[in-house]
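Read the figures in this text as sums done on the coordinates, not as results from a lab. All values reported here derive from a predicted model rather than from experimental measurement. Don't worry about glycine lacking a Cβ; one is built from the backbone with ideal geometry, like all the others, and counts go over all protein chains shown.
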There are 4 protein chains.
Amino acid sequence: MTNAGTSRRRSIGAQRNPESQQAILKAAEAILMEDGLAGFSIEAVARRAHAGKPTIYRWWPSRAALLLDVYHHQKHVERVPDTGSLETDIIAFLTALFGYWRDGNAGAIFRSVIAEAQTDVKATDALRAYVLDRFSQSAEFVRRAQARGEAADWVSPELAIELLAGFAWNRLLTSRLDDNPEELQRLARQISLGLKG
Amino acid sequence: MTNAGTSRRRSIGAQRNPESQQAILKAAEAILMEDGLAGFSIEAVARRAHAGKPTIYRWWPSRAALLLDVYHHQKHVERVPDTGSLETDIIAFLTALFGYWRDGNAGAIFRSVIAEAQTDVKATDALRAYVLDRFSQSAEFVRRAQARGEAADWVSPELAIELLAGFAWNRLLTSRLDDNPEELQRLARQISLGLKG
Amino acid sequence: MTNAGTSRRRSIGAQRNPESQQAILKAAEAILMEDGLAGFSIEAVARRAHAGKPTIYRWWPSRAALLLDVYHHQKHVERVPDTGSLETDIIAFLTALFGYWRDGNAGAIFRSVIAEAQTDVKATDALRAYVLDRFSQSAEFVRRAQARGEAADWVSPELAIELLAGFAWNRLLTSRLDDNPEELQRLARQISLGLKG
Amino acid sequence: MTNAGTSRRRSIGAQRNPESQQAILKAAEAILMEDGLAGFSIEAVARRAHAGKPTIYRWWPSRAALLLDVYHHQKHVERVPDTGSLETDIIAFLTALFGYWRDGNAGAIFRSVIAEAQTDVKATDALRAYVLDRFSQSAEFVRRAQARGEAADWVSPELAIELLAGFAWNRLLTSRLDDNPEELQRLARQISLGLKG
DNA sequence: CCCTAACCGAGACGGTACGTCGGGTCTTACA
DNA sequence: TGTAAGACCCGACGTACCGTCTCGGTTAGGG
């Protein structure tokens with residue numbers, strides 16, 4: 001970034017200019033933070049990044065693609081807690097996820113990605129692939145609980161995670177991310193012990 | 001609907017014309033079914049309903065409002081199963097919900113409502129209010145289980161429903177509504193007995 | 001023009017707004033004067049007229065159509081001189097035409113129309129129709145000369161005018177409109193007496 | 001042209017590659033023939049010629065320059081008839097010019113040059129210089145008529161040619177090049193004998 | 001005989017304009 | 001006052017070219 005802001009970005013030959021790529025992603029993220037999905041247009045991103053629209057379309061075929069790329073460029077939270085106990089792992093998992101979504105831009109961006117996925121089929125596919133991958137990663141802590149003998153053998157770790165994630169998605173999508181430790185605790189207890197407690 | 005399609009709808013004086021209202025809702029629903037949220041625009045609805053755009057804006061302040069109204073005009077599924085057993089109630093609840101979303105237009109419409117709620121704050125509020133109401137209604141069958149002594153006193157019926165609903169939302173929003181009875185059964189067992197089984 | 005410049009132009013119902021039409025034509029003319037054909041774009045006209053592009057496309061199907069309309073809205077010169085003598089009529093005709101093109105915007109606009117007609121077939125057709133009409137009008141003074149017995153019966157008035165107009169076009173299109181009275185006089189003499197004089 | 005079409009053209013060192021030059025001119029001409037001025041863009045020429053855009057810009061500073069070069073590379077018609085009689089010389093001159101423009105690509109290309117000259121000042125200058133030169137060359141046959149005593153001494157040969165050329169331009173620019181021998185004959189008679197015939 | 005300079009094709013860059021679609025507002029003509 | 005209709009301004013869409021720039025490779029000619 002030798003001349004950032006001072007001079008125009010130029011072509012660096014018949015190859016992608018990483019400076020432009022970064023500028024576009026940063027601009028897209030900033031717009032998403034400030035104005036939300038409503039203000040997110042290729043036009044606006046190009047304007048803010050001082051990039052030409054064709055430059056964006058050259059590398060991202062659609063709004064959804066750019067959105068997903070922005071999301072993937074976010075710092076990711078650690079989603080595999082390891083507190084030694086299933087119940088506290090569950091609490092840690094949800095607390096971390098809620099915090100990640102609440103504190104930074106990740107929540108707003110992820111909401112946008114989900115919304116876009118309801119319109120754009122390619123975004124749906126990409127989102128599905130992404131979440132399935134995430135689920136199987138996060139399921140690790142449930143598997144560990146099973147290995148410890150803390151969880152029953154017949155439970156599906158992925159299904160358990162999906163339950164937690166679904167709960168979190170619902171809170172995210174209805175703007176109810178406020179942290180309520182008691183509630184999370186109760187939820188963790190319900191899940192680990194079951195309704196029949 | 002005396003002359004639907006044959007002659008132009010006109011004003012019926014200083015009051016809302018229910019024919020127009022119906023025509024607009026039907027057109028909106030049809031567009032949502034056929035083209036999804038992507039093709040859903042006030043312009044398109046007006047065109048299809050042979051209505052003027054101001055007529056729509058007069059009665060529905062925004063795209064989100066119309067969308068929600070369309071969703072509310074759908075036939076609703078019975079969400080309070082009563083099979084006599086908690087576990088089968090859970091299965092019945094999810095099976096009914098999945099079927100409702102999968103078989104008719106309700107799923108596509110609800111996806112659109114959720115997507116819209118990520119852009120439009122009023123839609124978010126409306127959606128939140130709607131789901132909280134639904135949750136407390138559906139929680140009835142968990143309360144009944146508690147009354148029967150089948151569920152522990154300390155569980156929160158609303159939280160339990162939220163878990164199930166969140167799971168269902170996730171499946172809906174990632175286009176994974178295919179019914180898998182075994183999976184649902186396992187899920188019901190996990191929830192009722194808990195991971196510690 | 002009750003509120004020109006002070007407030008936005010609005011729709012006046014389901015009909016063409018003449019204020020918009022005038023604003024667009026004025027803007028188009030101004031751009032043509034200031035920047036020539038090179039700066040003449042629908043985008044620029046819309047910007048300057050504070051009009052939407054669709055408003056322009058609604059009423060003028062193409063750049064060429066707008067250009068021709070601008071030309072037609074120019075004040076027209078009297079092209080049928082009547083000095084009583086063929087030779088001085090010819091001089092008057094050319095002098096008036098040169099002056100018309102040289103002094104106002106008409107020349108620049110007409111050059112643009114001709115240029116556009118080399119690209120756009122509809123503009124070619126419109127231009128041809130226009131010039132044929134003009135030629136037959138202007139031919140009147142030659143016909144009068146024939147009536148007076150000053151011109152031979154076998155001459156074609158239209159062909160004579162075409163000769164004069166072609167000469168003028170050539171001068172216009174190569175930026176040689178500077179008035180040279182002697183030259184025009186000689187030309188008039190050549191045409192009226194013939195090369196064999 | 002040892003390997004035209006089979007292998008890529010490369011640099012031949014620090015000097016202009018005549019193969020590239022030829023390929024560009026041929027491509028430009030072909031585009032002008034097939035799509036007219038509307039399809040004529042540097043981009044299209046480069047694509048068709050398998051040339052880099054900078055190669056074109058290196059040698060032709062503007063679209064107009066390339067256009068003029070294409071025109072100059074056309075075979076030129078003989079414009080100095082010598083039938084022994086002024087009247088038939090005029091007919092021969094116009095017949096040859098019309099045929100030249102009508103039969104090959106020269107007409108379309110010259111129309112493009114004229115159009116371009118209405119936008120680009122350098123093209124205007126080049127065109128003016130070109131036509132003045134042409135006029136003085138073509139004026140030769142009128143001078144010969146004067147020498148034979150067939151034309152009056154006071155007539156200006158250049159002005160006479162300009163009259164004929166202007167007539168031809170007008171026909172070219174309004175797509176009216178269809179040959180009409182009778183009309184040309186009448187025109188020749190009018191010019192040689194004068195309107196007062 | 002190597003080095004430098006200029007050329008070559010290729011294609012990315014920041015931009016402008018294209019012609020279209022939809023947004024939300026406004027007015028008319030009619031009931 | 002409500003309705004169908006449709007014009008208004010605005011702004012975004014995705015595409016085509018603009019003229020510039022850099023790249024990697026090539027070849028000729030001077031040192």
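A few points about this structure:
- Using the rule -39500 (n - 2.57) for each DSSP H run of four or more residues, divided by the residues of chain D, the 222 nm mean residue ellipticity is -20500 deg cm²/dmol.
- Sorted from nearest, the other copies put their B:ARG10 label points 2.7, 7.0, 8.2 nm away, the label point being 7 Å from Cα in the direction of Cβ.
- Peptide C:152-159 has a mean shielding of 5, counted as Cβ atoms of other protein chains within 10 Å of each residue's Cβ.
- Structure note, pairs A:LYS26/B:LYS53; C:LYS75/C:LYS196; B:LYS75/B:LYS122; C:LYS26/D:LYS26; A:LYS53/B:LYS26: Cα-Cα distances above 31 angstrom occur for A:LYS26/B:LYS53; C:LYS75/C:LYS196; C:LYS26/D:LYS26; A:LYS53/B:LYS26.
- Comparing Cα centroids, segment C:85-129 and segment C:147-166 end up 19 angstrom apart.
- Between copies, the label points at B:ARG148 (set 7 angstrom from Cα along Cα-to-Cβ) are spaced 3.4, 11.6, 12.1 nm, reported in nanometres from shortest to longest.
- Table column - 3J(HN,Hα) (Hz), segment C:178-195, Karplus curve with 6.51, -1.76, 1.60, x for Gly and Pro: 4, 6, 10, x, 4, 4, 4, 5, 4, 4, 4, 5, 4, 6, 6, 8, x, 5
- Only Lys, Arg (+1) and Asp, Glu (-1) charged, at Cβ; chain D dipole about Cα centre in debye: 880 debye
- Trypsin sites (Lys or Arg not before Pro) lying in DSSP loop within segment D:115-167, provided at most 15 other Cβ fall within 10 Å: D:ARG148
- Comment: the Cα-to-Cβ extended label point of A:GLU182, at 7 Å, lies 4.3, 10.7, 10.9 nm from its counterparts in the other copies, nearest first.
- Among the residues of C:160-171, the average count of other protein chain beta-carbon atoms within 10 Å of the residue beta-carbon is 6.
- Peptide A:173-183, shielding by other chains (average Cβ, 10 Å cutoff): 3
- Residues whose amide H comes within less than 5 Å of that of D:PHE40, counting only those at least five positions distant or on another chain, are absent (H built at 1.01 Å from N in the peptide plane).
- For B:GLN74, the shell of other residues with beta-carbons less than 15 Å away shows a net charge of +2, using +1 for Lys and Arg and -1 for Asp and Glu.
- Measuring from the axis that maps chain A onto chain D, the chain A residue with the nearest beta carbon and its rounded distance in angstrom come out as A:PRO54, 5.
- Dipole moment magnitude, nearest 20 debye, segment D:86-193 about Cα centre, only Lys, Arg, Asp, Glu C-beta charged: 60 debye
- Dipole of the protein assembly as shown [Lys/Arg +1, Asp/Glu -1 at C-beta], most positive-end residue of D:ALA106, B:PRO54, D:LEU177: B:PRO54
- In a simple Cβ point-charge model (Lys, Arg +1; Asp, Glu -1; nothing else charged), the protein assembly as shown has a dipole of about 400 debye relative to its Cα centre.
- Label-point separation in nm, B:TYR57 to B:GLU43, each point 7 Å along Cα→Cβ: 1.4 nm
- Dipole orientation for chain C: of the candidates C:LEU94, C:PRO18, C:LEU32, C:PRO18 has the Cα lying most toward the positive pole (charges on Cβ; Lys, Arg +1; Asp, Glu -1).
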